[in-house]
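The values are calculated or read from the model by the stated rules, or taken from the named source; none is laboratory data. As the structure is a prediction and not an experimental result, all values here were calculated from the model. Neighbour counts are summed over all protein chains in view; Cβ atoms, including those assigned to glycine, are modelled from backbone coordinates with ideal geometry.
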Amino acid sequence: MAFNVLVVDDSAVMRAMIIRVVRMSGVPVGEFIEAGNGEEGLRAVRDHWVDLVLLDVNMPVMNGEEMLRRLRADPETASLPVIVVSTESSDTRVHALQALDVSFVHKPFAPETLRDIIIRVTGVSPDDEHYALPVAGGGDLDF
């Protein structure tokens, strides 16, 4: 089963790096959808089938926390898997986000860290026939 992944980050460079890491992870992806802020992210969720959201917190127009709250308030997207990928360092804010049923990955991150959380959140198993090999090169790439 291929997943459609929405990557929401105000940095095009960071979106590209996250997409690269997900591709390297071996998780079967059907389509990547990109958004530069929470407002664009909500529009993307309405316009596309999305199985997983990788979400930054600190963005202009609409931040990731507001987007997440809106996703959770809508019965159609309330259970959509979300992984927050952010530089956010406030423990209070991180715990508030985690209370909204998300996983959290701090930037910079090792590709294996993101891969492992995606596997846990999506339920993809390394034993699945569509699952590729783990990220090559070990932990020498930090994003």
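Can you tell me which of 47, 74, 51 is within 13 Å of the chain's Cα centre (by Cα) and acidic (Asp, Glu)? Write out each step before concluding.
Working: 47 fails: within 13 Å of the chain's Cα centre (by Cα); 74 fails: within 13 Å of the chain's Cα centre (by Cα).
Matching residue, one of 47, 74, 51: 51.
Can you pull out every residue in the range 96-143 that is modelled with pLDDT under 55, surrounded by fewer than 12 Cβ atoms within 10 Å (Cβ to Cβ) and assigned to a loop (DSSP other than H, G, I, E, B)?
Of the residues in the range 96-143, the ones modelled with pLDDT under 55 are 126-143.
Next cut, surrounded by fewer than 12 Cβ atoms within 10 Å (Cβ to Cβ) only: 126-127, 129-130, 133, 136-140, 142.
Across the range 96-143, the qualifying residues are 126, 127, 129, 130, 133, 136, 137, 142.
What is the residue count in the range 5-17 for residues that are outside any helix (DSSP H, G or I) and surrounded by 15 or more Cβ atoms within 10 Å (Cβ to Cβ)? Break it down into steps so the answer makes sense when it comes.
Filtering the range 5-17 down to residues outside any helix (DSSP H, G or I) leaves 5-11.
Those left that are additionally surrounded by 15 or more Cβ atoms within 10 Å (Cβ to Cβ): 5-10.
The qualifying residues number 6.
Could you say which residue among 67, 14 is in contact (Cβ under 8 Å) with a residue 40 or more places away in the chain, farther than 21 Å from residue 111 by Cβ and aliphatic (A, V, I, L, M)? Lay out the reasoning, then the answer.
Numbers: 14 fails: farther than 21 Å from residue 111 by Cβ.
Checking each option against the conditions leaves just 67.
When you check residue 93 against the structure, is it of a type outside the set (Gly, Ala, Ser), free of Cβ contacts under 8 Å to residues at least 24 places away in the same chain, out of contact with any strand residue (DSSP E or B) (no Cβ under 7 Å at 6 or more places or on another chain) and not in a loop (DSSP other than H, G, I, E, B), yes or no?
Working: of a type outside the set (Gly, Ala, Ser): yes; free of Cβ contacts under 8 Å to residues at least 24 places away in the same chain: no; out of contact with any strand residue (DSSP E or B) (no Cβ under 7 Å at 6 or more places or on another chain): yes; not in a loop (DSSP other than H, G, I, E, B): yes.
No: the conditions fail for residue 93.
The conditions are (1) modelled with pLDDT of 95 or more; (2) part of a strand (DSSP E or B), and residue 45 fails exactly one of them. Which is it?
Against the list (1) modelled with pLDDT of 95 or more; (2) part of a strand (DSSP E or B), residue 45 comes up short only on (2).
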